[in-house]
Amino acid sequence: LRVSVIVPAYNLEGYIAECITSIQNQTYQDLQIIIVDDGSTDTTFHICHEIAKKDKRISLYRINHGGAAAARNTGLAHVDGDCIFWVDGDDSIHPQALEKLTHMMIETNADISKIELTEKAMSSNEDMTIYKKQEYLRKVLTDEIKSYMAGTLFKKELFDGIRFPDGMMVEDYAVYPEVINRSEIIAATNKNLYFYRRYRHGSETHIGRNHICGLWARAYLTIRRYE
């Protein structure tokens, strides 16, 4: 399986190099790395450009600032792999993350495989759960399973005809259930192999969960989910 890793980035000069390096250093090497700079005003694009010059697996795109949804959609337009994996530009992944995800997908014949997100240490014990779509979707609708694109490997065809809503915060919350509804089997492990920054100042996740615009979007999308 060839994996297309999409990295949206906006004003992340202090984090983006670590993020890209963690992807380059994966034990699973059949990768296409797509970096989309969302019109950064700092040195993010320059850092990405210097790294991309030394790695032919990297494709770098720059768009006018349009938010995370626009960057994600640009990345989707350039996918040539069998699967899609999302990494936010201020996060990083364990060297074995993609090897674990692809192995689970192949072993269980799953459409989606999922690792856990963590801010700190990795878990020592490991359990894998195989979900049928209806059970998994029920947990997503009740927010027992979070609607994060991060940490999840999707078969490419699940995104056919699906795009993120332009200009809307919590854009992954908008699309996740629709993508899950197209799957049949989801394999999930509690292994913490994705490292994220929850409270980075200025991130859309931080803004979206604390400003009224983000709360309104979540409320609206929650109603649509149950419909």
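I51 meets the conditions (1) assigned to a helix (DSSP H, G or I); (2) closer than 20 Å to Y194 by Cα; (3) over 13 Å from the mean Cα position of the chain (by Cα); (4) not polar (S, T, N, Q) in every case but one. The failed one is (2). Would you point out the residue of the range 64-93, among those that are of a type outside the set (D, E) and open to solvent by 40 Å² or more (accessible area, probe 1.4 Å), that is farthest from the chain's Cα centre (by Cα)? Going through the qualifying residues, I end up with N64.
One line per residue, one yes/no per condition, for (1) over 23 Å from A188 (Cβ atoms); (2) of a type in the set (S, T, N, Q); (3) modelled with pLDDT of 95 or more:
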position: A77; (1), (2), (3): yes, no, yes
position: F85; (1), (2), (3): no, no, yes
position: S124; (1), (2), (3): no, yes, no
position: T142; (1), (2), (3): no, yes, no
position: K155; (1), (2), (3): no, no, yes
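Within the range 34-47, the presence of a residue that is in contact with a strand residue (DSSP E or B) (Cβ under 7 Å, 6 or more places away or on another chain), surrounded by fewer than 15 Cβ atoms within 10 Å (Cβ to Cβ) and either part of a helix (DSSP H, G or I) or in contact (Cβ under 8 Å) with a residue 24 or more places away in the chain (or both) is excluded. Being closer than 19 Å to C19 by Cβ, open to solvent by 60 Å² or more (accessible area, probe 1.4 Å) and in contact (Cβ under 8 Å) with a residue 60 or more places away in the chain is a property that does not hold for E107.
Of the residues screened, D172 is one that is open to solvent by less than 40 Å² (accessible area, probe 1.4 Å) and either of a type in the set (S, T, N, Q) or over 21 Å from Q32 (Cα atoms) (or both). Output the residues belonging to the range 1-33 that are part of a strand (DSSP E or B), in contact (Cβ under 8 Å) with a residue 60 or more places away in the chain and surrounded by fewer than 21 Cβ atoms within 10 Å (Cβ to Cβ). Matches in the range 1-33: L31 only.
Within the range 127-144, the set of residues being part of a helix (DSSP H, G or I) and open to solvent by less than 50 Å² (accessible area, probe 1.4 Å) comprises K133, Y136, L137, K139, V140, L141.
For the range 93-108, check the following and say yes or no: at least one residue is part of a strand (DSSP E or B) and hydroxyl-bearing (S, T, Y). Among the residues of the range 93-108, not one is part of a strand (DSSP E or B) and hydroxyl-bearing (S, T, Y), which makes the answer no. Looking across the range 152-200, the residues that are under 18 Å from I115 (Cα atoms), aromatic (F, W, Y) and touching a residue at least 40 places away in the same chain (Cβ under 8 Å) come down to F154, Y173, Y194, F195, Y196.
Scanning the range 145-165 for residues that are outside any loop (DSSP other than H, G, I, E, B) and among the aromatic types (F, W, Y), which turns out surrounded by the most Cβ atoms within 10 Å (Cβ to Cβ)?
First, pick out the residues of the range 145-165 that are outside any loop (DSSP other than H, G, I, E, B): 150, 152-159.
Adding the requirement that they be among the aromatic types (F, W, Y) leaves 154, 159.
Numbers: F154: 25, F159: 18.
So the residue we want is F154.
Within the range 167-215, the set of residues being among the acidic types (D, E) and either modelled with pLDDT under 90 or assigned to a helix (DSSP H, G or I) (or both) comprises E171, D172, E178, E204.
The values are calculated or read from the model by the stated rules, or taken from the named source; none is laboratory data. This structure is a prediction, so every number in the text was calculated from the model and none was measured. Positions of Cβ are generated from backbone atoms using ideal geometry, with glycine treated the same way; all protein chains shown enter the neighbour counts. Areas reflect the complete protein model, heavy atoms only, side chains present, ligands, DNA and RNA absent. Shrake-Rupley method; radii C 1.70, N 1.55, O 1.52, S 1.80 Å.
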